[in-house]
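The values are calculated or read from the model by the stated rules, or taken from the named source; none is laboratory data. Treat the numbers as computed from the prediction; the structure is a model and nothing was measured. Note that each Cβ is placed from the backbone with ideal geometry, even for glycine, and that neighbours are counted across all protein chains shown.
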Amino acid sequence: MALVTEISGSARTYDPIDLSSRAFWSLSAAERERSFAVLRAERPVSWHPPVEDALMHDPADRGYWAVTRRADIVTVSRNNQVFVSGKGVTFENVPEELLEASMSFLAMDPPRHTMLRKLISAAFTPRQVRRIEDSIKTNAKTIVEELRAAGSGADFVDHCAKELPIRTLSDMVGIPESEREHVAHAADAMVSWSDPVYLDGRNPLQVMVENQMYLHSVAGSLAGQRREQPGDDLFSGLVNAEVDGDRLTDADVGAFFVLLAVAANDTTRQTTSHAMKALTDFPDQRAWLLADFDNRIGTAVEEFIRWATPVMTFRRTAVSDFELSGQTIRAGERVVMFYPSGNWDDEAFDRPDRLDLSRSPNPHIGFGGGGVHFCLGAHVARAQLRAIFGELLRQLPDIEAGEATYVPNNFIHGIRSMPCAF
């Protein structure tokens with residue numbers, strides 16, 4: 001891989017720490033953190049080559065700026081007039097036709113982003129939120145009962161962590177029982193472009209397209225049903241929402257459904273798995289939480305999210321020159337935010353390498369660094385984490401995680417499997 005790239009007639013050297021290689025993302029989180037720590041301390045905004053063996057080759061891609069300090073990630077996130085999302089939001093290059101159809105308003109900029117977000121927010125009424133939280137509690141109780149019935153040694157990911165997100169999503173939008181597993185599988189496929197085990201020799205772009213089309217077909221079917229017979233669910237609210245005369249098109253609904261399926265499935269699932277492993281590795285913190293669960297779970301959930309950092313990277317593109325930590329980012333250049341690094345920044349967190357469930361304040365960026373793209377479903381994720389750990393520690397107070405198998409990925413901090421004992 002070249003060590004120098006030409007930028008507007010002048011040479012710019014790539015950083016010696018390579019954040020773009022597949023080998024880097026195959027390392028453990030602790031090993032990656034050692035590299036991030038050097039960059040935060042010495043070169044918080046550094047220039048790197050394009051992703052190795054990229055999902056899609058882009059001859060115009062000369063590299064990107066890596067942003068590793070929490071404060072700089074927040075600056076990029078909140079300056080959406082300079083750092084735009086419409087030119088790509090994933091670390092990897094994704095075809096334009098796939099981008100908006102799978103990322104919805106996450107891959108848009110105002111004013112279209114503002115209009116769509118208003119419409120979608122209008123469907124999250126207080127009544128809808130209460131209904132979702134009630135179903136989360138019910139599902140969490142059932143899932144832990146099923147885990148207990150499966151017996152000690154069962155895979156925690158399969159029998160617990162992945163179950164609550166898909167059941168919550170299904171209740172939110174009314175996915176029929178017959179489609180739930182397929183929807184969860186398709187959501188996995190949308191973020192598994194660099195996982196050789198999942199791909200099993202298949203073309204990653206083909207896998208993404210096929211599963212995106214399937215999710216759009218499910219959304220189209222649900223939208224048609226809810227327009228004819230509205231019910232008391234989020235999808236009915238979505239397809240019938242109207243703000244200032246605007247309504248969501250079928251394409252808008254389909255794209256949001258793909259985003260919702262991926263976000264609901266992967267982020268909460270991975271945080272649940274990482275948090276269970278952390279409670280096993282830090283028994284003093286488990287004891288602290290169990291001593292007064294109801295009053296301590298609030299701060300614990302925030303630390304679970306910081307510790308897991310389930311979404312590891314997002315990208316922006318500068319549309320005007322901008323000075324960031326001593327580097328001039330030029331118009332047209334790409335910027336990648338590394339959330340695990342920001343969440344381990346010792347300028348923002350005391351002893352970030354230690355799980356501290358009482359950490360307060362906890363300015364983690366597990367839901368992004370703020371600005372117009374702050375996670376719309378953050379309250380749903382928090383509700384799921386409160387519910388599932390309430391049930392786990394009540395029904396199975398001695399549960400422990402075994403050795404975790406991690407997924408090599410530069411987007412989702414994934415655990416493929418992890419046995420548990422109780």
Scope segment 170-181; condition assigned to a helix (DSSP H, G or I), touching a residue at least 60 places away in the same chain (Cβ under 8 Å) and either within 16 Å of ASP158 (Cα to Cα) or of a type outside the set (A, V, I, L, M) (or both); matching residues: ASP171
Taking segment 182-222 only, how many residues are hydrophobic (A, V, I, L, M, F, W, C) and outside any helix (DSSP H, G or I)? 3
Taking segment 334-351 and keeping residues in contact with a Gly (Cβ under 9 Å, 6 or more places away or on another chain) and buried (at least 21 other Cβ atoms within 10 Å of the Cβ) leaves ARG334, MET337, TYR339, GLY342, ASN343
Select from segment 132-147 the residues that are surrounded by fewer than 21 Cβ atoms within 10 Å (Cβ to Cβ) and either in contact with a Leu (Cβ under 6 Å, 6 or more places away or on another chain) or among the small types (Gly, Ala, Ser) (or both) and list them in ascending order. SER135
Which of (1) under 22 Å from ARG167 (Cβ atoms); (2) in contact with a Leu (Cβ under 8 Å, 6 or more places away or on another chain); (3) at pLDDT below 95; (4) not acidic (Asp, Glu) is the odd one out, the single condition HIS373 does not satisfy? (1)
Tell me which residues, restricted to segment 122-158, are small (Gly, Ala, Ser) and either outside any helix (DSSP H, G or I) or modelled with pLDDT of 95 or more (or both). ALA140, ALA149, ALA150, GLY151, SER152, GLY153, ALA154
Hey, can you tell me all the residues within segment 8-42 that are part of a loop (DSSP other than H, G, I, E, B), out of contact with any Ser or Thr (no Cβ under 8 Å at 6 or more places or on another chain) and surrounded by 12 or more Cβ atoms within 10 Å (Cβ to Cβ)? ASP18, SER20, SER21, SER26, LEU27
Go through segment 1-22 and give me each residue that's small (Gly, Ala, Ser) and modelled with pLDDT of 95 or more. SER20, SER21
Picking from LEU106, LEU119, the residue that is surrounded by 19 or more Cβ atoms within 10 Å (Cβ to Cβ), at pLDDT below 85, part of a helix (DSSP H, G or I) and not small (Gly, Ala, Ser) would be LEU119
I'd like to check something: does segment 45-52 contain any residue that is over 29 Å from SER26 (Cα atoms), part of a loop (DSSP other than H, G, I, E, B) and acidic (Asp, Glu)? no
Pick from segment 368-382 the residues that are surrounded by fewer than 21 Cβ atoms within 10 Å (Cβ to Cβ) and among the hydrophobic types (A, V, I, L, M, F, W, C): which of them is farthest from ARG315 (Cα to Cα)? ALA378
Considering every residue within segment 293-302, establish whether at least one is part of a helix (DSSP H, G or I), within 13 Å of the chain's Cα centre (by Cα) and crowded, with 23+ Cβ neighbours inside 10 Å. no
Name the pairs: first residue in segment 142-153 and of a type in the set (Ser, Thr, Tyr), second residue surrounded by fewer than 17 Cβ atoms within 10 Å (Cβ to Cβ) and not in a helix (DSSP H, G or I), Cβ to Cβ under 7 Å, at least 6 apart or on different chains? SER152/ALA421; SER152/PHE422
Turns out the strands (runs of 3 or more DSSP E) fully within segment 320-408 with at least 1 residues that are aromatic (Phe, Trp, Tyr) are 322-324, 334-338, 405-407
Give segment 223-279 a look and list any residue that's polar (S, T, N, Q) and either assigned to a helix (DSSP H, G or I) or buried (at least 24 other Cβ atoms within 10 Å of the Cβ) (or both), or say none. GLN225, SER236, ASN240, ASN265, THR267, THR268, GLN270, THR271, THR272, SER273
